[in-house]
1. Restricting to the range 240-260, name every residue that is surrounded by fewer than 17 Cβ atoms within 10 Å (Cβ to Cβ) and part of a strand (DSSP E or B).
2. Taking the range 142-173, which residues are surrounded by fewer than 23 Cβ atoms within 10 Å (Cβ to Cβ) and either under 27 Å from the mean Cα position of the chain (by Cα) or hydroxyl-bearing (S, T, Y) (or both)?
3. Considering only residues of the range 28-62 that are out of contact with any helix residue (DSSP H, G or I) (no Cβ under 8 Å at 6 or more places or on another chain) and assigned to a loop (DSSP other than H, G, I, E, B), which is nearest to G381 (Cα to Cα)?
4. When you go through T183, T236, T210 one by one, which is the residue that is out of contact with any helix residue (DSSP H, G or I) (no Cβ under 8 Å at 6 or more places or on another chain) and farther than 24 Å from A14 by Cα?
5. Being out of contact with any Leu (no Cβ under 6 Å at 6 or more places or on another chain), surrounded by 21 or more Cβ atoms within 10 Å (Cβ to Cβ) and among the charged types (D, E, K, R) is the filter here, so list the residues in the range 28-63 that pass it.
6. With the condition kept exactly as written, say whether any residue in the range 297-308 is touching a residue at least 12 places away in the same chain (Cβ under 8 Å) and hydroxyl-bearing (S, T, Y).
7. Take the residues of the range 66-111 that are among the aliphatic types (A, V, I, L, M) and within 20 Å of the chain's Cα centre (by Cα): which is farthest from L258 (Cα to Cα)?
8. Hey, among V195, V237, V225, which residue is over 30 Å from C185 (Cα atoms) and at pLDDT 95 or above?
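The values are calculated or read from the model by the stated rules, or taken from the named source; none is laboratory data. Predicted model, so just to flag it, every value in this text is computed and none were measured. Virtual Cβ from ideal backbone geometry, glycine too; neighbours counted across all protein chains shown.
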Amino acid sequence: MKPLIDNPARDTLAIIGGGPAGLMAAEAAVTAGVSVDLFDSMPSVGRKLLLAGKGGLNLTHAEPFPRFICRYSERQKPLESHLRNFDAESVRQWAADLGIDTFVGSSQRVFPLEMKAAPLLRAWLKRLRSLGVRFHVRHRWQGWNGAGDLLFDTPSGPLGKRAGAAVLALGGGSWARLGSDGTWCPILKAHEVDVRPLRPANCGFDVTWTARFAERFAGAPVKPVVALIQDLHGQTVMQRGEFVITGSGVEGSLIYALSAPLRDSIDLHGHADFHIDIAPDRSVERLLQNLQKPRGHLSLSNHLRRAAGLDAVKIGLLREHVAKDELENPERLVSAIKNLPIRLRAARPLDEAISSAGGVAFEALNEQLMIRDLPGVFCSGEMLDWEAPTGGYLLTACLATGRTAGLGAADWIKHSHTRVCDARLAGL
């Protein structure tokens, strides 16, 4: 196949996408001595980064690397070298070099001291501009023409650009209004690149609530609980945390952490069963002893509050999923409290998800994240086929793969003259 980027005489790198991966690719490449043009479809860059920082920008996670890399599940092997080259400590040092001090929270999550994304983004863009990176906003990538030019739709009309290499950092399919809309998938598929379907990750799920329950408890947190599920490999996954009732189902940190196996179970079986212990700090024996006591004039709800420490939303969940006669039987009631089943019907739509799974398969890329069948075209960030829970893992992998792709593209451009000479010699 003819390379789509086939002008090795040019020393300019085109980066398409202004999220964390694209910005890091730009930094890596321009620092390596390559001229960089960065294109983004939105009016400004870094929009998803700013949104992520609204609740406190979680840059990375300070846990030991062997545990850190396990968070990437089935994709930890292809990601490991990139994350070792730009790990959590590297992220903190990079932020410090931008003048952004960080701290490690009680959960080992790493945040800027100001807990905001805007100061970091401003400092980063200032540095990139000072290094010579040129930004082109409102440029929506449309693919390539037959001559190998990158094609863009711009406010001034169609535009063709030629470069020595390209880094694609177009994001996944979540939060389309911020630029990650997955419209690049058919472009790459048309060039026979292995692109796995985009699916929601770190997402909520639909549950068939009664109208009364949904109306009363939508927005209510359920905490603390311990969740128990079985993944598709038959392994039991147990995790403590909290989640939130929505009008259509459930969402929140605990749900997001388990979203991958829950989503996969729904894909395979049409549903996923999610079991929770709604009184995790009370033993079966203690609960049974307390619930067997005569409740006298107390209503069942008040009895459950006093004897089991359950609040209104947990009592509501019991009433949703446990038959009335079982609520009056202490043994069955305790069993339900410690192992309450909730059936999830479907994942929420991709555009509502925090992140996405699927994308360009690592098998289609070399170790520098260049597409093997499209020489000079590199991929990075969330458009690659990996997923991870929230907690700094998403951002760290975007930065790490952006750095790899930027350095790989810079190396490709620097060695372009050698490839041209070798090709000419081979033709003699």
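1. Of everything in the range 240-260, those that are surrounded by fewer than 17 Cβ atoms within 10 Å (Cβ to Cβ) and part of a strand (DSSP E or B) turn out to be R240, E242.
2. Correct list: Q142, G143, F152, T154, S156.
3. Restricting to residues being out of contact with any helix residue (DSSP H, G or I) (no Cβ under 8 Å at 6 or more places or on another chain) and assigned to a loop (DSSP other than H, G, I, E, B), the top hit is S41.
4. Going through T183, T236, T210 in turn, the sole match is T236.
5. Matches in the range 28-63: D40 only.
6. yes
7. Narrowing the range 66-111 to residues among the aliphatic types (A, V, I, L, M): 69, 79, 83, 88, 91, 95-96, 98, 100, 104, 110.
When the remaining residues are screened for being within 20 Å of the chain's Cα centre (by Cα), the result is 69, 79, 83, 88, 91, 110.
Working: I69: 17, L79: 20, L83: 22, A88: 23, V91: 26, V110: 21 Å.
Across the range 66-111, the extreme among qualifying residues is V91.
8. The unique qualifying residue is V225.
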